[in-house]
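The values are calculated or read from the model by the stated rules, or taken from the named source; none is laboratory data. The structure displayed is predicted, hence computed values, not measured ones. Backbone-built Cβ (ideal geometry, glycine too); neighbour counts: all protein chains shown. Surface accessibility is based on the protein's heavy atoms, side chains included, excluding ligands, DNA and RNA. Shrake-Rupley method; radii C 1.70, N 1.55, O 1.52, S 1.80 Å.
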Amino acid sequence: MNAESPLAAPLVAQPLTSTAFAPFGTVIEAPAEGGRLINSGNARRFDLLGDLQLDADGGRPMLALFRAQARSFPHEVTEMERHALGSQTFVPLGERRFVIVVARAGDAPVSHRDLAAFVTDGHQGVVLAPGTWHHALLAVDAGDFVVIERAAAAVDCDVCWLQEPLRVVTAASR
Ligand SMILES: NC(=O)N[C@@H](O)C(=O)O
Ligand code: NI
């Protein structure tokens, strides 16, 4: 670190909660109660999100699987992206954690003050709201993630660059 350009303090990924993530999208997690019995009582159904917003401008839902390598942390974030016309959902197959670095939809983030970082508990997923700026998938634990996103003839992915690289850490990697 030098006096001219001190490195910004690292961004510590916070445990993911629905309330904290609300400005950026929806947390997917198994409800403790509620839902309704189906299949002659053999299962309980929970309707979590009624509209994934995937059909704008001729879009259609795409179900993909990302086989992700584990990232190392601290991870240096320089680039963020957004999908303006549709949401993007990430759900781990099996127990695996990931970090999600986000900024509110709208103007492109420019500094660490515009960003928030969360780490899942291994069972949670997220639905990024359309236009939410985010870093591409940052798996803490390597493995498979189901991804549901909008597919269309034209790629819907805007990219922006932070003015300064930002280190993102988890509590374990501080
Ligand atoms: N590139 C790609 O399909 N994935 C990104 O959109 C991402 O958010 O991981
Ligand atoms: Ni994305």
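Have a look at Arg97, Arg113 and point out the one that is in contact (Cβ under 8 Å) with a residue 40 or more places away in the chain and of a type in the set (Lys, Arg).
Arg97
For Ala64, state whether it is of a type in the set (Gly, Ala, Ser), outside any loop (DSSP other than H, G, I, E, B) and within 16 Å of ligand 1 (Cβ to nearest atom).
Details: of a type in the set (Gly, Ala, Ser): yes; outside any loop (DSSP other than H, G, I, E, B): yes; within 16 Å of ligand 1 (Cβ to nearest atom): yes.
Yes; evaluated as a whole, the condition is true for this residue.
Do we find that Asp156 is in contact (Cβ under 8 Å) with a residue 24 or more places away in the chain and within 13 Å of ligand 1 (Cβ to nearest atom) in this structure?
Details: in contact (Cβ under 8 Å) with a residue 24 or more places away in the chain: yes; within 13 Å of ligand 1 (Cβ to nearest atom): yes.
It is true that Asp156 is in contact (Cβ under 8 Å) with a residue 24 or more places away in the chain and within 13 Å of ligand 1 (Cβ to nearest atom).
Quick one: in region 135-150, of everything that is surrounded by 15 or more Cβ atoms within 10 Å (Cβ to Cβ), of a type in the set (A, V, I, L, M, F, W, C) and in a strand (DSSP E or B), which residue is farthest from ligand 2 (Cβ to nearest atom)?
Ala139
Any residue in region 135-147 that is under 10 Å from Pro92 (Cα atoms) sitting within a Cβ distance under 7 Å of a residue that is within 11 Å of ligand 2 (Cβ to nearest atom) and part of a loop (DSSP other than H, G, I, E, B)? List the pairs, counting only those 6 or more apart or interchain.
Pairs that qualify, where the first residue is under 10 Å from Pro92 (Cα atoms) and the partner is within 11 Å of ligand 2 (Cβ to nearest atom) and part of a loop (DSSP other than H, G, I, E, B), are Phe145/Leu137.
Yes/no matrix, rows are residues, columns are (1) closer than 30 Å to Ala153 by Cβ; (2) surrounded by fewer than 17 Cβ atoms within 10 Å (Cβ to Cβ):
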residue	(1), (2)
Phe73	no, no
His83	yes, no
Gly86	yes, no
Thr89	yes, no
Gly94	no, yes
Arg97	no, no
Ile100	yes, no
Arg104	yes, yes
Leu115	no, no
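Those residues that are under 30 Å from Leu85 (Cβ atoms) and open to solvent by 100 Å² or more (accessible area, probe 1.4 Å), I need them from region 33-66; list them, please. Spell out how you get there, then give the answer.
Step one: list which residues in region 33-66 are under 30 Å from Leu85 (Cβ atoms), which gives 45-66.
Within region 33-66, Arg45, Asp47, Asp55, Asp57, Arg60, Leu63 meet the criteria.
Return yes or no: is Leu48 touching a helix residue (DSSP H, G or I) at 6+ places or on another chain (Cβ under 6 Å) and assigned to a loop (DSSP other than H, G, I, E, B)? Spell out how you get there, then give the answer.
Working: touching a helix residue (DSSP H, G or I) at 6+ places or on another chain (Cβ under 6 Å): no; assigned to a loop (DSSP other than H, G, I, E, B): yes.
Considered against the rule, which asks whether it is touching a helix residue (DSSP H, G or I) at 6+ places or on another chain (Cβ under 6 Å) and assigned to a loop (DSSP other than H, G, I, E, B), Leu48 comes out as no.
Among (1) in contact with a Gly (Cβ under 9 Å, 6 or more places away or on another chain); (2) open to solvent by 30 Å² or more (accessible area, probe 1.4 Å); (3) outside any loop (DSSP other than H, G, I, E, B), there is one condition Thr78 misses while meeting the rest; what is its number?
So the condition that Thr78 fails would be (1).
Considering only residues of region 79-113 that are touching a strand residue (DSSP E or B) at 6+ places or on another chain (Cβ under 8 Å) and modelled with pLDDT under 95, which is nearest to Val27 (Cα to Cα)? Spell out the reasoning first.
Step one: filter region 79-113 for residues touching a strand residue (DSSP E or B) at 6+ places or on another chain (Cβ under 8 Å), giving 79-94, 96-105, 108-112.
Next cut, modelled with pLDDT under 95 only: 110-112.
Values: Val110: 25, Ser111: 25, His112: 22 Å.
Among those that are touching a strand residue (DSSP E or B) at 6+ places or on another chain (Cβ under 8 Å) and modelled with pLDDT under 95, it is His112.
Yes or no: Ala8 of a type in the set (Gly, Ala, Ser), open to solvent by 50 Å² or more (accessible area, probe 1.4 Å) and in contact (Cβ under 8 Å) with a residue 60 or more places away in the chain? Explain how you work it out, then say what you get.
Numbers: of a type in the set (Gly, Ala, Ser): yes; open to solvent by 50 Å² or more (accessible area, probe 1.4 Å): no; in contact (Cβ under 8 Å) with a residue 60 or more places away in the chain: yes.
Criteria not met by Ala8.
Could you tell me whether Ala30 is more than 13 Å from the chain's Cα centre (by Cα) and open to solvent by 70 Å² or more (accessible area, probe 1.4 Å)?
Here the answer is yes, as Ala30 does meet what is asked.
Cβ-Cβ below 9 Å, separation at least six or inter-chain, first residue in region 33-59 and within 12 Å of Arg150 (Cβ to Cβ), second of a type in the set (D, E, K, R) and open to solvent by 100 Å² or more (accessible area, probe 1.4 Å): which pairs?
Leu54/Arg60
Considering each residue of region 96-111, count those that are in a loop (DSSP other than H, G, I, E, B) and within 12 Å of Ala139 (Cβ to Cβ), and give that number. Please lay out each step first, then the result.
We begin by selecting, within region 96-111, every residue in a loop (DSSP other than H, G, I, E, B); these are 96-97, 104-111.
If we keep only those that are within 12 Å of Ala139 (Cβ to Cβ) too, we end up with 96-97.
Here the count works out to 2.
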